[in-house]
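Inspection log for the structure reproduced underneath, given as structure tokens.
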Amino acid sequence: VQLQASGGGLVQAGGSLRLSCAASGRTFSRLIMGWFRQAPGKERGLVAAIGWGGRSTYYADSVKGRFTISRDDAKNTVYLQMNSLNPEDTAVYYCAASRGVSMATLSNDYDYWGQGTLVTVSS
């Protein structure tokens, strides 16, 4: 599976961005998809994840109510809509895919990783 993330950039606090991650090489609909982020000096952590068919989702507490993960299996793409951004959201964001059958919340649960896309939120 190859993952290609896009959509990062510079945005002012309070603004919005939408990240996209296009997948190829395996049946996308049977992959659990996640978005992770890593800020300078911090460990990489899960932001949001979405299960098969979008029937289940997971959000880190820090982004609940502001971020929305979704997937379009016809386009082999997962999205992360980020609203009400604040400087603490500044990080490199990575999309990842898991071959597991249950919601995956740890980095080790994920089998494939895309390159990161930088999100910078200015105050």
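The values are calculated or read from the model by the stated rules, or taken from the named source; none is laboratory data. Predicted model, so just to flag it, every value in this text is computed and none were measured. As a convention, Cβ positions derive from the backbone with ideal geometry for all residues, glycine included, and neighbour counts pool all protein chains shown. Accessible surface areas use protein heavy atoms only, side chains included; no ligands, DNA or RNA. Shrake-Rupley method; radii C 1.70, N 1.55, O 1.52, S 1.80 Å.
List of remarks:
- Only one of G65, G51 that is over 10 Å from the mean Cα position of the chain (by Cα) and on the phi > 0 side of the Ramachandran plot: G65
- For region 87-97, the criterion of being under 14 Å from the mean Cα position of the chain (by Cα) and open to solvent by 60 Å² or more (accessible area, probe 1.4 Å) is met by none of the residues.
- The criterion of at least 2 residues that are at pLDDT 95 or above and of a type in the set (A, V, I, L, M) is met by the following strands (runs of 3 or more DSSP E) wholly inside region 1-90: 2-6, 9-12, 17-24, 32-38, 45-50, 77-82.
- Some residue of region 34-41 being farther than 21 Å from V1 by Cα and in contact with an Asp or Glu (Cβ under 9 Å, 6 or more places away or on another chain): yes
- Qualifying residue in region 48-60 (condition: free of Cβ contacts under 8 Å to residues at least 24 places away in the same chain, closer than 22 Å to L106 by Cβ and exposed (fewer than 13 other Cβ atoms within 10 Å of the Cβ)): yes
- Pairs, first in contact (Cβ under 8 Å) with a residue 40 or more places away in the chain in region 100-116, second assigned to a helix (DSSP H, G or I) and buried (at least 16 other Cβ atoms within 10 Å of the Cβ), C-beta under 8 Å, six or more apart: G100/D109
- Whether a residue is open to solvent by 50 Å² or more (accessible area, probe 1.4 Å), over 16 Å from Q4 (Cα atoms) and β-branched (V, I, T) was assessed, and T68 passes this test.
- Enumeration of residues in region 100-118 that are assigned to a loop (DSSP other than H, G, I, E, B) and either on the phi > 0 side of the Ramachandran plot or surrounded by 15 or more Cβ atoms within 10 Å (Cβ to Cβ) (or both): M103, A104, T105, Y110, D111, G114, G116
- Test result for Y79, within 14 Å of the chain's Cα centre (by Cα) and open to solvent by less than 60 Å² (accessible area, probe 1.4 Å): yes
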